[in-house]
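Since the structure comes first, as structure tokens, the remarks are kept for the end.
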């Protein structure tokens with residue numbers, strides 16, 4: 001609690017300039033816009049919602065006496081419809097990385113108030129004026145460890161493509177993102193030379209793996225379920241979904257090498273009813289201790305680099321931030337520009353026989 | 001005049017506000033900026049034509065199998081004892097009240113490589129390798145037929161109920177075979193029900209989304225998936241609207257065609 005108050009004071013000091021000098025806590029409180037009865041936060045729902053309530057929302061409600069109303073799912077189209085119609089129901093919403101960049105450019109978002117939200121401990125890549133990086137997740141390989149025993153699982157995308165040495169049904173995401181990168185890496189492109197993506201080369205490589213992919217998954221829970229049901233023995237998936245079933249004792253392992261890192265993002269829709277309090281919520285999401293609570297629940301650590309210090313050592317091996325060097329960052333900027341083209345190529349490729 | 005239209009007024013207003021107005025707005029989106037480019041793209045590119053064709057193919061097959069299964073069931077329910085009719089209703093309607101998502105996941109449990117069906121067959125020694133029933137076209141077909149069957153059974157049931165039982169009884173008394181009774185009495189008199197059920201199932205299939213996405217393993221691409229991509233990922237609403245308008249027009253065309261060919265039969269026999 002004390003640390004939190006300290007943190008708040010730290011944020012206050014960041015107000016900077018003459019305005020902040022001599023401003024007491026009470027003067028600051030007077031300058032605050034009136035408290036709304038509720039703050040609507042839109043997120044993906046499911047176990048993520050449960051973890052967010054435990055790590056952030058309960059504390060926020062207690063601290064400010066503002067009820068946090070949760071809605072889901074995340075929907076870019078709905079965000080645009082809300083902003084266009086001027087009827088913005090969400091004060092804060094989770095948003096996909098590349099969508100966040102496009103939404104910022106399309107004037108659909110409010111700027112983040114850096115006086116309220118302290119991002120000084122965040123890496124430079126997580127300082128977008130419109131986008132708050134709430135957590136890190138990665139697409140990695142999950143495998144049945146009763147099939148690939150004692151570390152005999154594929155350890156690179158080249159291995160993943162090697163169906164003779166690593167036989168068995170595979171599942172990958174029904175989406176160009178991640179897969180194009182995996183294909184290029186398997187074909188020998190270095191991790192830092194992936195962008196701009198060479199479509200022809202990537203799809204040619206994907207042709208080779210297509211007959212061995214029994215399921216192209218479309219929802220995040222599918223890969224974990226497919227491994228549990230032994231429908232496949234190898235599946236790409238989001239680390240938190242595998243962490244969840246491993247915690248519950250499933251015979252599943254994670255191979256982190258060459259995983260595709262992405263940041264989970266939150267943003268304030270333009271015209272939100274209580275932007276000031278939405279920023280206050282973001283400040284709450286930036287507290288390293290609370291990020292550690294969240295990471296222990298879901299396996300998705302925050303980007304406040306201090307948060308790893310507060311995580312249970314037993315949980316650390318399941319967090320993508322422990323393997324940053326072995327992985328690569330997916331370029332949200334590239335997809336913001338080329339996402340539509342990639343999706344069309346992907347659909348056409350999927351329709352192709354074989 | 002006014003008096004005759006008055007009772008329907010609330011329904012008409014509701015339809016106008018919640019159906020007609022949004023559809024017109026959507027059509028407006030599709031020609032935003034006064035250009036028909038998005039229609040040219042929807043109707044000109046191989047990818048979209050293929051997917052439209054896939055969608056109609058699946059809808060036709062689903063309708064066919066629903067009719068194949070639904071007619072005998074509806075017929076039995078309409079002609080059996082009240083007890084069995086009630087049982088039939090429970091079995092037909094119960095799934096209708098269950099979420100599509102739940103039913104789709106249930107099929108995943110049953111049809112998978114290690115699902116109930118395959119395991120039973122393997123343990124019984126009927127097969128050695130699991131039959132691929134999930135994550136392909138077969139899976140989508142099974143799932144969709146199951147979800148949509150009630151929409152076929154109910155109209156057929158009510159059509160069969162309306163047939164005066166004295167007519168088939170008279171025919172039987174005059175020595176008609178059961179097949180002749182079916183072909184010359186029940187079939188023409190229940191054509192309305194068949195038509196209504198088929199149109200319902202066909203139209204609902206065209207817009208199906210969850211079942212193909214989950215049971216098709218990503219391989220079965222239908223137009224609803226592409227429209228969703230345009231709305232939510234690409235945020236290209238004019239193109240999404242154009243795709244929807246083409247789907248709507250095609251649906252109307254099929255409907256008009258079906259109505260045209262179903263009516264003469266009904267009146268001449």
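Below, the figures for the structure above:
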{"item": "Some residue of segment B:35-42 being closer than 25 Å to residue B:210 by Cα and in contact (Cβ under 8 Å) with a residue 40 or more places away in the chain", "result": "yes"}
{"item": "Close pairs from segment B:96-120: first over 16 Å from residue B:139 (Cβ atoms), partner part of a helix (DSSP H, G or I), Cβ under 6 Å, at least 6 apart", "result": "B:96/B:150"}
{"item": "Residue check for residue B:137: within 14 Å of chain A (Cβ to nearest Cβ) and within 30 Å of residue B:57 (Cα to Cα)", "result": "yes"}
{"item": "Within segment A:44-148, strands (runs of 3 or more DSSP E) holding 2 or more residues that are buried (at least 22 other Cβ atoms within 10 Å of the Cβ)", "result": "A:92-95, A:132-144"}
{"item": "Top-ranked residue of segment B:107-123 - restricted to ones that are under 24 Å from the mean Cα position of the chain (by Cα) and within 11 Å of chain A (Cβ to nearest Cβ), ranked as surrounded by the fewest Cβ atoms within 10 Å (Cβ to Cβ)", "result": "B:109"}
{"item": "Within segment A:304-321, tally of residues that are over 14 Å from the mean Cα position of the chain (by Cα) and closer than 23 Å to residue A:120 by Cβ", "result": "7"}
{"item": "Those residues of segment A:33-58 which are at pLDDT below 85 and in contact with a helix residue (DSSP H, G or I) (Cβ under 8 Å, 6 or more places away or on another chain), in sequence order", "result": "A:47"}
{"item": "All positions within segment B:124-140 that are in contact (Cβ under 8 Å) with a residue 40 or more places away in the chain, part of a helix (DSSP H, G or I) and surrounded by fewer than 21 Cβ atoms within 10 Å (Cβ to Cβ)", "result": "B:137"}
{"item": "Residue check for residue B:171: within 14 Å of chain A (Cβ to nearest Cβ), crowded, with 16+ Cβ neighbours inside 10 Å and either out of contact with any strand residue (DSSP E or B) (no Cβ under 8 Å at 6 or more places or on another chain) or farther than 24 Å from residue B:261 by Cα (or both)", "result": "no"}
{"item": "Qualifying residue in segment A:223-232 (condition: over 14 Å from residue A:160 (Cβ atoms), free of Cβ contacts under 8 Å to residues at least 24 places away in the same chain and assigned by TED's automatic domain parsing to the domain that holds residue A:161)", "result": "yes"}
{"item": "Failed item in (1) in contact with a helix residue (DSSP H, G or I) (Cβ under 6 Å, 6 or more places away or on another chain); (2) farther than 29 Å from residue A:89 by Cβ, with residue A:259 passing the rest", "result": "(1)"}
{"item": "Residue match in segment A:200-217 (condition: in contact (Cβ under 8 Å) with a residue 60 or more places away in the chain and in a loop (DSSP other than H, G, I, E, B))", "result": "no"}
{"item": "The one condition in (1) away from chain A (no Cβ under 14 Å); (2) assigned to a loop (DSSP other than H, G, I, E, B) that residue B:152 fails to fulfil", "result": "(2)"}
{"item": "Any hit, segment A:207-223, residues being surrounded by fewer than 21 Cβ atoms within 10 Å (Cβ to Cβ), away from chain B (no Cβ under 14 Å) and either more than 30 Å from residue A:88 (Cα to Cα) or modelled with pLDDT of 95 or more (or both)", "result": "yes"}
{"item": "Answer from A:294, A:300 - the residue that is more than 14 Å from every other protein chain (Cβ to nearest Cβ), farther than 30 Å from residue A:107 by Cα and buried (at least 21 other Cβ atoms within 10 Å of the Cβ)", "result": "A:294"}
{"item": "Selected residue [touching a residue at least 40 places away in the same chain (Cβ under 8 Å), assigned by TED's automatic domain parsing to the domain that holds residue A:218 and outside any helix (DSSP H, G or I)] from A:257, A:304", "result": "A:257"}
{"item": "Candidates A:84, A:99, A:118, A:146, filtered to the one that is over 30 Å from residue A:341 (Cβ atoms) and within 14 Å of another protein chain (Cβ to nearest Cβ)", "result": "A:146"}
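Quick grid of which residues meet (1) within 14 Å of chain B (Cβ to nearest Cβ); (2) surrounded by fewer than 17 Cβ atoms within 10 Å (Cβ to Cβ); (3) touching a residue at least 24 places away in the same chain (Cβ under 8 Å):
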site	(1), (2), (3)
A:316	no, yes, no
A:323	no, no, yes
A:333	no, yes, yes
A:345	yes, no, yes
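The rows are residues; the columns are (1) free of Cβ contacts under 8 Å to residues at least 24 places away in the same chain; (2) within 30 Å of residue B:137 (Cα to Cα); (3) buried (at least 19 other Cβ atoms within 10 Å of the Cβ).
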{"residue": "B:161", "(1), (2), (3)": "no, no, no"}
{"residue": "B:186", "(1), (2), (3)": "no, no, yes"}
{"residue": "B:190", "(1), (2), (3)": "no, no, yes"}
{"residue": "B:217", "(1), (2), (3)": "no, yes, yes"}
{"residue": "B:251", "(1), (2), (3)": "no, yes, no"}
{"residue": "B:254", "(1), (2), (3)": "no, yes, no"}
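The values are calculated or read from the model by the stated rules, or taken from the named source; none is laboratory data. Just so we're clear, the structure is a prediction, and the values are computed from it rather than from any experiment. Quick reminder, even Gly has a Cβ in these numbers, built from the backbone with ideal geometry, and neighbours come from all protein chains shown.
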